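Read the figures in this text as sums done on the coordinates, not as results from a lab. Just so you know, these numbers come straight off a predicted model, no measurement behind them. In this analysis, Cβ positions are derived from the backbone assuming ideal geometry, glycine residues included, and neighbour counts consider all displayed protein chains.
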Amino acid sequence: MRIVIARRFALAASMLCATATAALAQTPAAPSEETYAQQMAREQSEHPTLKIGSPAPDFNLIGIDDKMHTLREYSSAPILAIAFISNHCPASQLYEGRIKQIVRDYADKGVQLIAIAPNGPMAVAPRELNYAEVDDSFDSMKIHASYREFNFPYLYEGDTQLIAHQYGPKVTPHIFIFDKDRKLRYEGRIDDNMRGNNIKTSDARNAIDALIAGKPVPVEHTPVFGCSTKWNSAIAGKQKEMKEWMAQPVKLETVSIDQLKQLRKNPTGKTLMINFWATWCGPCQTEYPELLTSYLWYRSRDFEFVSVALNTPDEKAAAQKFLDEKHSAVRNLIVDTDDVYGVMAGFDPTWESGVPFTIVLAPDGKEIYRSEGEADILALRRKILGVLPDAGMFAGNTEYWRK
Amino acid sequence: MRSVALFFAAVLAAGAGAGAQQAPSRPVLLNIQSHLSAERVAAGDTFTVTLDLAPAPGIHVYAPTVVDYKPIAFTIGPQPGLVVRKVAYPQAEKYVYAPLKQTIDVYQKPFRLVQELALDPSPAGRAALKGTSMLTVKGTLSYQACDEKICYPPRTVPMTWTVAVKES
């Protein structure tokens, strides 16, 4: 999720537009491309939202339990709520707790809630994953749902999006609530405050309560806010970022132990991840792509990555070759001495073992993560996400990652 | 002929390159035992230095046949009066590193390296050994060790042996 501060006011304006829908731009368009409003309008025409009173489109989707799930499976529940959510979207993340609470509160009241992940994983650009520990792929859904202890079926539709097209979720999260005849009675937001405080109307609960009571749903449609649904038709447009990345040069800079000592204090003013690696280290090569991916995801949020090759100066060419292969277009360093143990002790006297060695430093230099040996990428990302500052729009997200 | 007890000393000091700073505590990755095959040798005599090496549990070191990793190397420095022949390395084991889909030649179990040496019988060799009663042989063992999750910096262990030289 890329929040460009300069565009916040434009986005706020778009949330008040006449279409009565609001979705947060994740990829502000270049001047020669369509505007965000144009994009949303086009997607709405291509994937219209299911109208109130319409029957629930049937589905046969795989769940994170590796079983197929159909609409018929839930036919015994008088009320069916289908929430379109995603792993990566900070707005969707902020609603997970409330969705789980709905499941708990209405479990014995005839309400079945399921979630569907509609996004095409390849249609989510790296920078849009800047609040995520995993992407929107099916395997990642299992990881995310397990970590967040989802108590509802979570189904995947990112490959074909045929069902998503029939429901037409504009954003994640976007909830659809059906009565016992499986007619759509409510669609829209879950409540009126993403941050979860000062909620004035719990729209989804109001709809469910009305249906349970046999009354008309008071408000059948509400505007939604979240991350726009990532349709696979947009994959080509999402490749621009990677093309720009691949055009950046890969440099390897020689530094002294003293310069490394300065780096240890984190002079960047940002959250800084430093990874020591070597060409003779298999685990280093294994984890490096994931570290680079983490940088690609978080770099818009005051996050830096510096790699340090623990190779000796005569091995600089081999180190450069590895960095070229990975296209490590970050700040890459190699130290100007054969004294490898001196490098280790100079950077951090408590570093006793070997490589890979990964350390994450807060802007004030405080160590917030450390791994001697191959890093647990998920634990690393969660730590990072737990210290990166929220953009005001997603206040509460940093706390979400400190679970 | 002089009869001098064999004097053997092996200095095990981990460090890579010149001017190595000693880290506070480094794990023992490779247990090293060495011995000479003879206490006293004369010009022309062949003798061996044997290293019995045992990687620590979970540790592997790389065999001489590897590419892109740092192979183990036992090296005796050249010196007048000493003929240094080839080192016999045992057959390597195959280590499958699944994350990179690599099969690598390593030593994970105890293994032995044998370096064959001889006192140089040539006129130049004899001249170099003239008046020498004890010959100090210097060598190094270089290796780099890893386990499944971590790789330790390359280490070079300087070693010395002393053998009595018989007059002949």
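Results, tabulated for the structure shown:
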read-out	value
Net charge over other residues, Cβ less than 15 angstrom from the Cβ of residue B:154 (K, R count +1; D, E count -1)	-2
Approximate spin-label separation residue A:250-residue B:26, in nm, with each point projected 7 Å along Cα-to-Cβ	3.0
Ratio of the Cα radius of gyration of the range A:103-204 to 2.2 N^0.38 Å, where N counts its residues	1.16
Label-point gap, in nm, between residue A:233 and residue B:148 - each point 7 angstrom along Cα→Cβ	4.7
Helical segments meeting 20 Å axial Cα length and Kyte-Doolittle -1.0 threshold in chain A (DSSP H)	A:90-106, A:282-298
Model label zone, residue A:398; criterion: amide N under 16 Å from point 7 Å along Cα-to-beta-carbon; scope the range A:129-148	A:131-132
Kirkwood Rh and Cα Rg combined as Rg over Rh, evaluated for the range A:246-366	0.93
Sites residue A:327 and residue A:379 - FRET efficiency at Förster radius 22 Å, r taken between beta-carbons, to 0.05	0.30
Cα→Cβ-extended label distance, 7 Å offset, between residue A:66 and residue B:38, nm	6.6
Residue order, fewest to most surrounding Cβ atoms within 10 angstrom, among A:165, A:88	A:165, A:88
Other-chain or far-sequence residues with amide H under 5 Å of residue A:69's (modelled H)	A:61, A:62, A:63
10 Å Cβ neighbours from other chains, averaged over peptide B:34-46	0
Other protein chain Cβ atoms within 10 Å, averaged over every residue that makes up A:275-285	5
Cβ-derived FRET efficiency at R0 41 Å, residue A:367 paired with residue A:104, nearest 0.05	0.60
Shielding by partners - mean other protein chain Cβ count within 10 Å, residues of A:370-381	1
For residue B:82, residues with placed amide H under 5 Å, excluding near neighbours	B:120
Förster-model FRET efficiency, 51 Å R0, residue A:268 and residue A:200, C-beta, rounded to 0.05	0.80
Mean projected area in nm² (Cα convex hull; one quarter of hull surface) for the protein assembly as shown	31.7
Dmax and Rg, reported as Rg then Dmax, of the range B:34-168 (C-alpha, Å)	17.8, 59
Burial order of peptide ranges B:58-65, A:355-362 (average beta-carbon count within 10 Å, highest first)	A:355-362, B:58-65
